[in-house]
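Enquirer: Would you mind keeping the following structure in view while I ask a few things?
Readers should treat all values here as calculations from the given coordinates under stated rules, not as data from a laboratory. Keep in mind that this is a model prediction, so the values were computed, not measured. Positions of Cβ are backbone-derived with ideal geometry, glycine not excepted, and every protein chain shown enters the neighbour counts.
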Amino acid sequence: MPWPEVTKMSSRREFVRLACHPDTNFADLCRRFRITRPCGYKWLARFRAEGEAGLLEHSRRPHTAPRQTPAAVEAAVLALRDTYPAWGGRKLAVLLAEQGVAPVPAPSTITGILRRHGRLAPAETRPHAWQRFEQPAPNALWQMDFKGHFATLTGRCHPLTVLDDHSRYALVLTACPDERTATVQAALIPAFRRYGLPAAILTDHGPPWGDTPETPYTRLGVWLLRLGIAIRHGRPYHPQTQGKDERFHGTLQRELLPACQQAFDTWRACYNTVRPHESLNYQRPIDRYRVSPRPYPETFPPIEYGPGAQVRRVQHGGHLAFQGRSLHVPKAFAGQPVAIRPGERDGWITVEFCATTIAEIQLTTCPKAS
């Protein structure tokens, strides 16, 4: 039984001095001090050998540690952590194995090494809870968003990020001076030329890719539709819909100081080709990404709607006339030809732009054209 905590040293001192008397009943003395006889003999032996210093607690650390990580391996772990200060035990274990370090510690052991050496912040050990979804192939869906802007010596920087949903490949990481349509187009066109066109792009409802949930089309969206790229918008106020791009933003913020394009280019190359990705079973994004078979058209082909379509050009403000009625579609389509076809319900029509239905309208409720 352990000594009472408050009087531990004084109790031991009293016990051993009483136990040293030749006429002491040792078993009875142990009972009075509420300790076992083996414990009493241990402290008496230490007192006789070391004096009162023997009554202090001795370290219980084993004299040898045959399973301790070799110093050279610990040094390799710390060197990698210094190179990639935001990477945890799992990613570092992948790199250690690729560098031929042996034995490679378990990720939990690497985490312990980082913690012992002060390389691990408490927040890095918090569990994550999310529900993943993933497209079946590269370029089926790209996720696009602006990360929060920040100040630089020459103005504000608005990092534009585009991520392939299937592979997490970072297709665009551009330091933009603003969030205008022309700026986004200038960043997307080189990516389209290099990687081809995706089937769809997912964005939120903020500008420049969204107006409101009720009227989600903008000039940028019309341009994407003209390229044959479907537009998807996440639920309003639900950034987790774009979880991969949001997660990418978090990784970007932790691993890269607010520098601009040169640092972005260097970091993007590391993210795509060096950094193991946990959700990809520690492959790199480049291991899964393939360029799109749909090349970017340097000039737009003419829009052809086929038989049965009545084509009208959208006027300023989104207005167009049809059968004596004034129709209204999102103003982002101003100047574009659209196709009008009979709807599935009587008295209704559908308005299409390229291959996308942009409106369903009950014709009889529209005002007469002036």
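Enquirer: Just subtract the alpha-carbon distance of Ala200 and Tyr41 from 0.36 nm times their residue separation and send over the number in nm, one decimal.
Expert: Result: 49.3 nm gained on full extension.
Enquirer: If you look at just the Cα atoms of the range 29-119, how large are its Rg and its Dmax in Å?
Expert: According to the Cα coordinates of the range 29-119, Rg and Dmax are 21.9, 63 Å.
Enquirer: Applying a 10 Å radius around every beta-carbon, put 114-120, 286-292, 195-201 in order of their mean neighbour count, most first. Don't jump to the answer; show the numbers that get you there.
Expert: Numbers: 114-120: 14.0, 286-292: 16.3, 195-201: 20.3.
Going by the mean number of other Cβ atoms within 10 Å, highest first, we get 195-201, 286-292, 114-120.
Enquirer: Moving to a separate point now. Under 5 Å between amide H atoms, partner at least 5 residues away or on a different chain: which partners does Val172 have, H built in plane at 1.01 Å?
Expert: Val162
Enquirer: Can you pull the percent of Cα pairs in the range 71-123 with separation above 12 Å? Write down the numbers at each step before the final one.
Expert: Working: 793 of 1378 pairs.
For the range 71-123, the share of Cα pairs beyond 12 Å comes to 58 percent.
Enquirer: List the residues, sorted by chain then number, that are 5 or more residues from Ala230 or on another chain and whose placed amide H is less than 5 Å from its amide H.
Expert: Under 5 Å from the amide H of Ala230 lie the amide H atoms of Ala200, Ile201, each far enough along the sequence or on another chain.
Enquirer: At a 10 Å Cβ-Cβ cut-off, how would you order Met144, Met9, fewest neighbours first?
Expert: Values: Met144 23, Met9 12.
The order, fewest Cβ neighbours first, is Met9, Met144.
Enquirer: By how many nm would the segment from Arg232 to Glu278 lengthen if fully extended, with 0.36 nm per residue of separation less the alpha-carbon distance?
Expert: 13.9 nm
Enquirer: Tell me, what is the FRET efficiency for Ala309 and Arg193 to the nearest 0.05, using R0 = 30 angstrom and their Cβ-Cβ distance as r?
Expert: That pair, Ala309 with Arg193, gives E of 0.45.
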